[in-house]
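Encoded as structure tokens, the structure appears first; notes follow it.
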Amino acid sequence: ELLAFLAPLLPERGPRHLLGIADELSLGPAAEHGIDTFDSCFPTRLGRHGTLLTRQGRLKIGKAAYRADYGPIDPECNGFVSRT
């Protein structure tokens, strides 16, 4: 609700940066309100513990089942990280 109120007050030109919020539940709605970049310790914390965010939800790549899996992270995504 707060972002819905504040986003229209931000300048149209230039980046719209949101500090402290970057969990998977907040990213989509924030992007819909025009937020371009995020700054939060949340993704770093997930990465440190071997957790990836995918369209299907969290993927814990530290599990033994993924030790020899060299397939794409998200087969439906054409981005560099997902394909390599």
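The values are calculated or read from the model by the stated rules, or taken from the named source; none is laboratory data. Not measured: the values here are computed from a predicted model. Counting neighbours? That spans all protein chains shown, and the Cβs are built from the backbone with ideal geometry, glycine included. Heads up: the accessible areas ignore ligands, DNA and RNA and are worked out on the full protein's heavy atoms, side chains in. Shrake-Rupley method; radii C 1.70, N 1.55, O 1.52, S 1.80 Å.
Worth a mention:
- Test for residue 18: is it at pLDDT 85 or above, open to solvent by less than 80 Å² (accessible area, probe 1.4 Å) and over 18 Å from the mean Cα position of the chain (by Cα): no
- Residues that are open to solvent by less than 80 Å² (accessible area, probe 1.4 Å) and more than 20 Å from residue 24 (Cβ to Cβ), drawn from region 69-84: 71
- Annotation note: of 57, 62, 71, 28, the sole residue that is at positive phi and not polar (S, T, N, Q) is 57.
- Pairs linking a residue in region 18-32 that is more than 17 Å from residue 59 (Cα to Cα) to a residue that is of a type in the set (Val, Ile, Thr), with Cβ atoms under 7 Å and 6 or more positions apart or on different chains, are 18/35; 30/21.
- Scanning region 21-55 for residues that are part of a loop (DSSP other than H, G, I, E, B), modelled with pLDDT of 85 or more and open to solvent by 80 Å² or more (accessible area, probe 1.4 Å) yields 36, 49.
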